[in-house]
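Single-structure report; data block below.
The values are calculated or read from the model by the stated rules, or taken from the named source; none is laboratory data. Worth saying up front: this structure is predicted, and the values here are computed from it rather than measured. Virtual Cβ from ideal backbone geometry, glycine too; neighbours counted across all protein chains shown.
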Amino acid sequence: MKLESFWQATAPAFTGAAKESLPSQADVVVIGGGFTGISAALNLARSGVSVVVLESGEVMSQASGRNGGHCNTGVAQNFASLVASQGVEQASRFYRAYDEAVSYVEQLTHEEQIDCDFRLCGKIKLASKASHFAGLREAWELMRRTVDPEIELLGKEEIHREVGSNDFHGGLLQKRGGQMHMGKFGVGLANAAARHGAKIYPHHAVTGLERLDGYRHRVQTAQGEIVADKVLMATGCSTEGPFPWFQRRIVPVGSFIVVTEVLGDELLRQVLPQDRTYVTSMNLGNYFRTTADRRLVFGGRARFAVSNPTSDSRSGEILRNAFATLFPPLSKARVAYCWGGMVDMTADRLPRAGEQDGLFYSLGYSGHGTQMSVWMGRVMADLLAEKTNQNPWQRETWPALPGYHGKPWFLPLAGLYYKAKDRLS
């Protein structure tokens, strides 16, 4: 079992890194070389804006290359709960933004000819308990009236034709769900940004950030400094760097994933005959899909902990036991890859984007960022280039989490809380 991301291990090499030294000035400096930052750089470069991307490690080395590979319509919250907290108009706007984000990812794969196994296959939210089916029904009735007339509610018999397991009591099928090879997409996106003129600097961690006036900042790295007319923060849940305001508002939560050895078509048809993306209804549940070369990708918050080699390995054993229990035909399947990644979680599990003290930012995707981050890169590029403002995630305030200063000391307590909720639900 290799303790590395399958997406990163099987992606082509990024060939577009800037060869020259860091320039002294740029129209825009983007901090972070994941989906948000690279998508923004691509769109800015297309518009003729001089843009520099600073990434502390390799491009796509964090959440963008360490996720479960889903690219789905739908917000992190239950839609009915979102309507209750935000109102139907705002909740519908959020939902449609995710739908547009999926379409934008698909569009980019065609425009830039990115070979990443993208396909629309549909997503099913699976009722892990009989009591959860009522909540799915409520969401179905509301969503088909407002945002998704094609959504389908599947009963227990219908779900057996979708998933080869007796553990589920129904499901909610959203037909716009998709999937892709995240490593191939991320590297393809970064190479496209470089082709259009973006200057991308891996291994250039930001060590200092000084506001000069207005939006102008001096950005410092170990390799030199650069003055930017505008700066875009696209760091995800980074706990390193001179970004304390953001670090008090985003909690890094570990999510863990395993990928099996190649299983073949016949075995996978037994367990996932319709070959979609799937997520269970538990708070500490699982998400899974297949790959183009016929493996199972199976993930979840196996442990409420941060990601590190020890935690990843322990989580891998938990996840292997989970998929073997859920799908008995896979009881002898071996795990080939196991890894963890950090989810940039906000208090309400909704993204945040806008401007704070002269810094532009788009962060906090809360485990639903593979499509939204790419789309928000385009949205923020248009905002930075003063074209349009289509940002759905601008809020008047973004309060800091009480008692939190960037170190998630409360994760074990949160894990116990959600385990209790799952037992009682």
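So here's what we get for this one:
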| item | result |
| --- | --- |
| Residue, nearest to the chain's Cα centre (by Cα), within the range 215-258, restricted to residues that are part of a strand (DSSP E or B) and within 30 Å of F323 (Cα to Cα) | S255 |
| Filter pass, V83 being β-branched (V, I, T), assigned to a loop (DSSP other than H, G, I, E, B) and over 30 Å from N191 (Cα atoms) | no |
| Any hit, the range 203-220, residues being hydroxyl-bearing (S, T, Y) and without any contact (Cβ under 8 Å) to a residue 40 or more places away in the chain | yes |
| Selected residue (criterion: nearest to A336 (Cα to Cα)) from residues of the range 265-294 that are among the charged types (D, E, K, R) and buried (at least 22 other Cβ atoms within 10 Å of the Cβ) | R289 |
| Any pair with Cβ under 6 angstrom, 6 or more apart, that starts in the range 269-298 at a residue that is in contact (Cβ under 8 Å) with a residue 24 or more places away in the chain and ends at one that is of a type in the set (K, R) and part of a strand (DSSP E or B) | T277/K123; T277/R289; V279/K125; V297/R289 |
| Failed item in (1) under 23 Å from the mean Cα position of the chain (by Cα); (2) within 30 Å of G299 (Cβ to Cβ); (3) outside any strand (DSSP E or B), with Q270 passing the rest | (1) |
| Unique residue being buried (at least 19 other Cβ atoms within 10 Å of the Cβ), assigned to a loop (DSSP other than H, G, I, E, B) and at pLDDT below 95 when the list is V75, V49 | V75 |
| Pair list, Cβ under 7 Å, 6 or more apart: the range 154-177 residue over 16 Å from P273 (Cα atoms), other residue of a type in the set (K, R) | H169/K129; H169/K156; L172/K125; Q174/K123; G177/K123; G177/R276 |
| Close pairs (7 angstrom Cβ cut-off, 6 or more residues apart or separate chains): touching a residue at least 24 places away in the same chain (Cβ under 8 Å) and surrounded by fewer than 23 Cβ atoms within 10 Å (Cβ to Cβ) in the range 17-34, among the β-branched types (V, I, T) and assigned to a loop (DSSP other than H, G, I, E, B) anywhere | D27/V49 |
